[in-house]
Amino acid sequence: MGKNFKRTPETIELNEKLEIVKIDHDYKFRKSERVGISTSGHCFYIEGKGYVAFEEDSVPYTPSGGINSLQSILDEGGFLYYDCLKFITPIHNLGVQRVPKQIWT
């Protein structure tokens, strides 16, 4: 039996909090106890939770389409579910590089 793709109230609440932010190579995320890894680009962030990453990844989801890809996800109502996603935070707190909302659209 297939997965029900109706968004739950929890998913809708998380989707409403998604914002597009920019990260660069100064942002290091923990790959293992002794190794940090970085990426650069635009990604999703939720205040108080962290950056959105796929469950098996050590860095935030940064699509090759950048802001346009992320904006299309938002335009479609956000993610269908968060089962395969997690929230991660950088090893060091560098603050969030917010992208002005008018740039998204």
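The values are calculated or read from the model by the stated rules, or taken from the named source; none is laboratory data. None of these values were measured; they are calculated from a predicted model. All Cβ positions, even for glycine, are placed from backbone atoms using ideal geometry, and neighbour counts span all protein chains on display.
Is it true that Pro60 is without any contact (Cβ under 8 Å) to a residue 24 or more places away in the chain and not aliphatic (A, V, I, L, M)?
Working: without any contact (Cβ under 8 Å) to a residue 24 or more places away in the chain: no; not aliphatic (A, V, I, L, M): yes.
No.
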Considering only segment 98-105, I want to know if a residue exists there that is touching a residue at least 60 places away in the same chain (Cβ under 8 Å), over 14 Å from Leu18 (Cβ atoms) and surrounded by fewer than 15 Cβ atoms within 10 Å (Cβ to Cβ).
no
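Give the residues of segment 11-45 that are touching a residue at least 40 places away in the same chain (Cβ under 8 Å), aliphatic (A, V, I, L, M) and part of a strand (DSSP E or B), sorted by residue number.
Looking only at segment 11-45, we keep the residues that are touching a residue at least 40 places away in the same chain (Cβ under 8 Å), and these are 11-12, 14-16, 18-24, 26-30, 36, 42, 45.
Imposing the further condition that a residue be aliphatic (A, V, I, L, M) reduces the set to 12, 14, 18, 20-21, 23.
Those that are touching a residue at least 40 places away in the same chain (Cβ under 8 Å), aliphatic (A, V, I, L, M) and part of a strand (DSSP E or B): Ile20, Val21, Ile23.
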For segment 1-29: of the residues being modelled with pLDDT of 90 or more and basic (Lys, Arg), which is nearest to Glu47 (Cα to Cα)?
Lys17
Of the residues in segment 19-35, those that are surrounded by fewer than 17 Cβ atoms within 10 Å (Cβ to Cβ), out of contact with any His (no Cβ under 9 Å at 6 or more places or on another chain) and not hydroxyl-bearing (Ser, Thr, Tyr) number 8
Can you report the number of residues in segment 46-75 which are part of a loop (DSSP other than H, G, I, E, B) and either among the hydrophobic types (A, V, I, L, M, F, W, C) or farther than 14 Å from Leu14 by Cα (or both)?
11
